[in-house]
1. What area, in nm² and to one decimal, does the C-alpha convex hull of the chain cast on average over all directions?
2. Once you keep just the Cα pairs under 8 angstrom separated by 6 or more residues, what percentage relative contact order results for the chain?
3. Would you mind computing Rg(Cα) / (2.2 N^0.38 Å) for region 144-200, counting N as its residues?
4. Between region 161-188 and region 234-265, how far is it from one alpha carbon centroid to the other, in angstrom?
5. When the helices in the chain are scored as -39500 (n - 2.57) per DSSP H run of 4 or longer and the sum is shared across all residues, what 222 nm value do you end up with, to the nearest 500 deg cm²/dmol?
6. Mind pulling the per residue volume of the convex hull built on the Cα atoms of region 176-309? Å³ is fine.
7. Using Cα positions and a limit of under 25 Å, work out the lysines in reach of LYS198, with same-chain residues fewer than 8 apart set aside.
8. Mind checking which helices in the chain clear 18 Å along their axis (Cα) and have mean Kyte-Doolittle hydropathy of 0.0 or more, DSSP H runs only?
Amino acid sequence: MTNKEYDIIVVGAGPAGTMAARFAAEHGVSVLVLEKDRDVGYPVRCGEAISKAGVEEFIPSNDKFIASKIDKFSMISPDGTELIIPLEESGYILERRIFDYELAKTAVSAGAEIITRAYVNGLLFDNDAVAGVEVEYRGETHKIKSKIVIAADGVESRVGRWAGIKTHIDFRDMESCVQITAANIPVDQNTLYFYFGKDYAPEGYFWIFPKGGNTANIGLGISGNIGKKKSALSFLNEFMTNNYPNASILTQIAGGVPSTITLEKIAAPGIILVGDAARQVNPLSGGGIASGMIGGKIGGTIAGESIKMKNPNHLLSYETAWHKRLGKRHEIFNKLKEGIYKFDDNKFNEIAHAFLKVPYEKRSIGNLFKTALFNKPSLLIDVAKVFLIK
Ligand SMILES: Cc1cc2nc3c(=O)[nH]c(=O)nc-3n(C[C@H](O)[C@H](O)[C@H](O)COP(=O)(O)OP(=O)(O)OC[C@H]3O[C@@H](n4cnc5c(N)ncnc54)[C@H](O)[C@@H]3O)c2cc1C
């Protein structure tokens with residue numbers, strides 16, 4: 001590590017960080033990405049589901065990082081009623097270990113440098129503005145100056161806090177997740193399975209996402225409140241014993257998903273937050289890969305522009321740009337999530353029975369929400385905004 005200075009330092013080489021680096025570097029500015037782990041893309045803490053469009057905004061689809069292609073959802077209610085819903089937009093289960101690595105390569109092609117095993121443990125300041133990082137690398141601490149720092153350090157983010165940004169979220173909004181990748185799971189390889197109800201995942205959902213060759217990611221997320229009473233792992237163990245006693249477990253992971261609206265403040269002098277660090281996850285689905293990449297793209301672009309324009313204040317326009325593209329939509333998703341959290345098992349069963357009457361070719365996620373929320377007019381307007389009126 002040299003005494004070199006950079007225009008932009010990105011902390012974290014997840015999808016949000018590498019996309020921020022790439023779009024910033026495309027402006028011809030110098031960009032350094034610092035990643036604490038040994039490998040980009042590993043360890044994986046993710047169900048790996050994403051829409052095809054979510055991938056293709058950033059990188060052409062490629063079988064080397066696609067484990068399975070998804071064309072329908074199966075929604076299973078507490079009494080076992082199964083609703084199959086064809087998807088208007090197809091999706092993938094990724095091999096994130098390879099996907100994240102491929103994303104990182106695009107950032108390097110754009111001109112960014114990446115260093116792994118580099119642990120950022122503090123920020124540098126110039127007056128009140130962030131002006132670089134302190135990083136531990138090969139047993140030594142280095143100070144590296146930069147005009148802008150992009151915090152892409154994931155759900156456990158600390159960088160934003162060091163800059164004085166309020167990053168705390170309510171315990172209840174931090175979904176507590178656990179997941180295994182298991183073999184000997186004979187499910188349809190083109191279907192995502194979701195289970196609802198108090199025995200599977202109260203205030204959340206349980207998933208089976210196929211990964212090809214009879215393997216699948218199987219897991220659940222429950223609200224922090226529920227997790228205090230019964231752990232996510234207990235729900236998972238019960239499910240596996242009851243449904244797949246002959247499965248072999250290949251990996252097990254646990255982690256948090258910030259299922260809420262974006263932080264109030266995601267930009268300050270010399271710093272912006274992107275991805276999970278900014279709480280840019282879709283609060284309804286818990287998906288943060290695509291939205292994190294979008295946050296990274298917007299943030300990286302504005303950071304690059306800000307350097308080129310020699311206008312540090314331009315960085316602050318990132319907040320408005322994010323809210324225009326996705327932040328406002330996430331506020332609606334969050335309201336829908338809050339509505340669904342309140343459903344009991346009877347309500348889930350009722351919805352499933354009512355929706356079964358909808359002919360297969362007329363089924364869609366938007367219509368399912370319409371059925372679920374038909375007696376909640378205020379939420380129905382929100383459904384219309386996001387699913388029905390495009
Ligand atoms: C169990 C589970 C299942 C999920 N399933 C899905 C799913 O199916 N689909 C979906 O879209 N999303 C899913 N998510 C969410 C998704 O994984 C995240 O939203 C996404 O990875 C966020 O990307 P990111 O780049 O913001 O953060 P991350 O991918 O977490 O990357 C942050 C990076 O920063 C590095 N870092 C942290 N601190 C430092 C430091 N001090 N110095 C240097 N480097 C640092 C980390 O090592 C890491 O590599 C799931 C999450 C969990 C926990």
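Each reported figure results from applying straightforward, stated rules to the coordinates on display, with no laboratory input. The structure presented is a predicted model; accordingly, all values stated were derived computationally and were not measured.
1. Working: hull surface 76.0 nm².
Taking a quarter of the hull surface, the average projection is 19.0 nm².
2. On the way: 886 pairs, mean separation 80.9, N = 390.
That works out to 21 percent.
3. Numbers: Rg = 19.1 Å, N = 57, 2.2 N^0.38 = 10.2 Å.
Relative to the rule-of-thumb radius for its length, region 144-200 sits at 1.86.
4. Their Cα centres are 8 Å away from one another.
5. Calculated from helices alone, the mean residue ellipticity at 222 nm is -9000 deg cm²/dmol.
6. In region 176-309, the Cα hull volume divided by residue count equals 128 Å³.
7. Within the straight-line cut-off, LYS198 pairs with LYS72, LYS228, LYS229, LYS230, LYS335, LYS337, LYS342, LYS347, LYS357, LYS370, LYS376.
8. Within the chain the helices that satisfy the rule are 289-308.
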